[in-house]
1. Taking a virtual spin label 7 Å from the Cα of Ala162 along the C-beta vector, which residues in segment 24-60 bring their backbone nitrogen under 20 Å of it?
2. Probe radius 1.4 Å, ligands and nucleic acids left out: which of His74, His146 has the largest accessible area, and how do the rest follow?
3. Quick one: accessible surface of Trp168, probe radius 1.4 Å, all protein chains present, in square angstrom to the nearest 10.
4. For Phe154 and Leu66, what is the calculated FRET efficiency with R₀ set at 25 Å and r taken between the beta-carbons, to the nearest 0.05?
5. If R0 is 41 Å, what FRET efficiency do you get for Phe83 and Thr48 from their C-beta distance, rounded to 0.05?
6. Over the chain, what percent of the accessible surface lies on carbon and sulfur atoms, probe 1.4 Å?
7. Which value at 222 nm does the chain reach when only helices count, each DSSP H run of 4 or more adding -39,500 (n - 2.57), with the total divided by all residues and rounded to the nearest 500 deg cm²/dmol?
8. Heavy-atom accessible area per residue, segment 1-152, 1.4 Å probe: how many Å²?
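The values are calculated or read from the model by the stated rules, or taken from the named source; none is laboratory data. Here the structure is a predicted model, which is why all the values come from computation and not from measurement. When we count neighbours, we look across all protein chains shown, and the Cβ atoms used for this are built from the backbone with ideal geometry, even at glycine. Calculation scope for accessible area: heavy atoms of the full protein, side chains included, ligands and nucleic acids excluded. Shrake-Rupley method; radii C 1.70, N 1.55, O 1.52, S 1.80 Å.
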Amino acid sequence: GRIDALYRKHRLNVILAITLGYALIYTCRLALGVVKKPLIDAGVFSPTDLGLIGSALFYTYAIGKLTNGFLADHANMKRFLAFSFLVSALVNVTMGFTTALWSAVLLWGVNGWFQSFGAPGGVVAMSAWYSNSERGRMYGIWSTAHSMGEGLTFLVVGSVVAWLGWRWGFFGPGLI
């Protein structure tokens, strides 16, 4: 009885950690969208520059989702996800200091690559902890992370940018 209760509690903690972790790291993917106008207004980047920077994330994210899915099948999920989330956070903090176009393109591409660890890693972690009959429900819970991450980005990060400036649109998600 007591062991079963601990096991159920631990499984609940797993889905909460995967969901909340993915929601928080999602803010590191969407930060650029919040700071585009302030970057243009400050004369840091042009709309074309921002298109290059944003494209770097999407291309590396797309390729990474394919390749990192294979890696996730054979990785230690704690290390795999923690490392990728840490790198993404560090890239965001570094972006807050970056005003050189090609540095920003490279950094945002690296962010896309490490962001692509999240979805495959989350699915592999759920597969390890939940049976086939539970996965639909758990996937449903986990899939709310996208919306939570968007809400946090546009509400919290947007407010921080309005209050402290564009650099904090990167610093905030990275530090969180």
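1. Within reach of a label on Ala162: 27-28, 30-42.
2. Details: His74 165, His146 55 Å².
So the residues, ranked largest to smallest area, are His74, His146.
3. That residue has around 100 Å² of solvent-accessible surface.
4. According to the calculation, E is roughly 0.30.
5. Working: r = 33 Å, r/R0 = 0.81.
Given R0 = 41 Å and the Cβ-Cβ separation, E is 0.80.
6. Numbers: 6510 of 9470 Å².
Carbon and sulfur together cover 69 percent of it.
7. Details: 9 runs with 147 residues, N = 176.
-28000 deg cm²/dmol, from helical runs alone.
8. Numbers: 8080 Å² over 152 residues.
Solvent-accessible surface per residue comes out at 53 Å².
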